[in-house]
1. Only one of Val277, Val259 is within 16 Å of Leu74 (Cβ to Cβ) and either surrounded by 14 or more Cβ atoms within 10 Å (Cβ to Cβ) or in contact with a His (Cβ under 8 Å, 6 or more places away or on another chain) (or both). Can you tell me which?
2. I need the full set of residues from the range 158-195 which are in contact with a Gly (Cβ under 9 Å, 6 or more places away or on another chain) and either among the hydroxyl-bearing types (Ser, Thr, Tyr) or surrounded by fewer than 18 Cβ atoms within 10 Å (Cβ to Cβ) (or both), in order please.
3. Out of everything in the range 18-27 that is assigned to a loop (DSSP other than H, G, I, E, B) and touching a Pro at 6+ places or on another chain (Cβ under 9 Å), what residue ends up being surrounded by the most Cβ atoms within 10 Å (Cβ to Cβ)?
4. What are the pairs, 6+ residues apart or on separate chains, where a residue within the range 95-115 that is farther than 18 Å from Lys14 by Cα and assigned by TED's automatic domain parsing to the domain that holds Asp152 has its Cβ under 8 Å from a residue that is of a type in the set (Gly, Ala, Ser) and crowded, with 22+ Cβ neighbours inside 10 Å?
5. Could you check Val80 against (1) of a type in the set (A, V, I, L, M, F, W, C); (2) surrounded by fewer than 23 Cβ atoms within 10 Å (Cβ to Cβ); (3) more than 26 Å from Tyr196 (Cα to Cα) and say which number it fails?
6. Go through the range 140-176 and report how many residues are assigned to a loop (DSSP other than H, G, I, E, B) and among the β-branched types (Val, Ile, Thr).
7. Does Ala124 satisfy being under 27 Å from Lys73 (Cα atoms), in the same structural domain as Asn84 (by TED's automatic domain parsing) and under 17 Å from the mean Cα position of the chain (by Cα)?
8. I'm told Val325 meets every condition in (1) under 20 Å from Gly223 (Cβ atoms); (2) touching a residue at least 40 places away in the same chain (Cβ under 8 Å) except one. Can you identify the failing condition by its number?
Amino acid sequence: MEFNLNSLVRENIKNMTAYSSARHEFSGNASIFLDANENSFGSPVNLPSPLGEGLGVRFNRYPDPSQMEVKEKLSLIKGVASQNIFLGNGSDEAIDLLYRIFCEPSRDNAIILPPTYGMYEVCAEMNNIKTKRVNLTADFQLNLDAIEEAIDSYTKLIFICSPNNPTGNSINRSDVEIILNNFDGIVVIDEAYINYSKQKSFIPELTEYPNLIVMQTLSKAWGLAGLRLGMAFASEKIIDLMNKVKYPYNINSATQLLVLDALNNIEWVNNHITITVNEREKLKSELQNLPFIENIFPSDANFILVKMRGARNIYELLVSKGIIVRDRSKVILCDDCLRITIGTEKENQTLIEALLNYKAN
């Protein structure tokens, strides 16, 4: 297959001139900055911080629009060149940009694979892009024949979530490779939960597949959901397009500083991944003993999808006890299912105790 990136990009994106900010035009060291109309007197921020003094002085300046320090550190961790990394305000920004770059509104389409992450479809609707829904199989794997049938000359993107949300399972790698080898559009693999999986990331395959984009996040295993930092890994040409279309200062200074600090603590992350996976298996084992549990689906994520009799009643019982899970019963192929995030040992035990009370009723 001869992949032609240029043929996929919208004409207006090819022809646009990206906004050039003051920090794009000069990014070196200087003693006096009078170029960006910032407040030269600092800011009223005065918070205790492990990052050192002078935050008020730091925050009066615009952030690095290219986030180079963060990308260089991520480059070492992920084993990929910094020019192959895009950083977004959550993975949702990357999803939105891909529609803007590759899909002509009211004409082009993208394929999504329900049940899956809802923002693929929401972002498509916001951009007036049609989505073609090709349901996963009963065991939550790709229906390759149906995907092939759904592809037409206006299909620009296919979104594959692996490990999948809300089901938790990893998608068969060989099936993903079949799509990468045979689809002449962009294949987006969303690996938000990859840290909890035994399956390898697709990041090392970027050199083999020019149509591949891999998304990851710091919201899950890294515990930084509140900072909103998503990552996309792709060829340098695709990353250049994403940087061309993004807002200039999409990642604020506070996020960049805190992420740099967090990236020094890989041991903490790995330790809590191990704890989470162990707690996941313990929780599954205890749930299996409850008579109303019908199925606990395989999971490579930090949550489990559980099919149970009376799912809505159980959900409401848990809410009454201050325990919030996600009712996925109305999602295709997830009838009578609750999605349960793996909590701490104490939280998981509290959940089990509440469910034992339901059994007694």
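The values are calculated or read from the model by the stated rules, or taken from the named source; none is laboratory data. Model, not experiment: these values are computed from the prediction. Cβ atoms come from the backbone with ideal geometry, glycine included; neighbour counts cover every protein chain shown.
1. The conditions single out Val259.
2. Passing the criteria: only Tyr193.
3. Ser21
4. Partner pairs satisfying both residue conditions: Ala110/Ala124; Ile112/Ala124.
5. Exception for Val80: condition (3).
6. Here is the first cut: in the range 140-176, the residues assigned to a loop (DSSP other than H, G, I, E, B) are 140-143, 151-154, 162-172.
Keeping just the survivors that are among the β-branched types (Val, Ile, Thr) gives 151, 167, 171.
The total comes to 3.
7. No; evaluated as a whole, the condition is false for this residue.
8. Result: Val325 passes all but (2).
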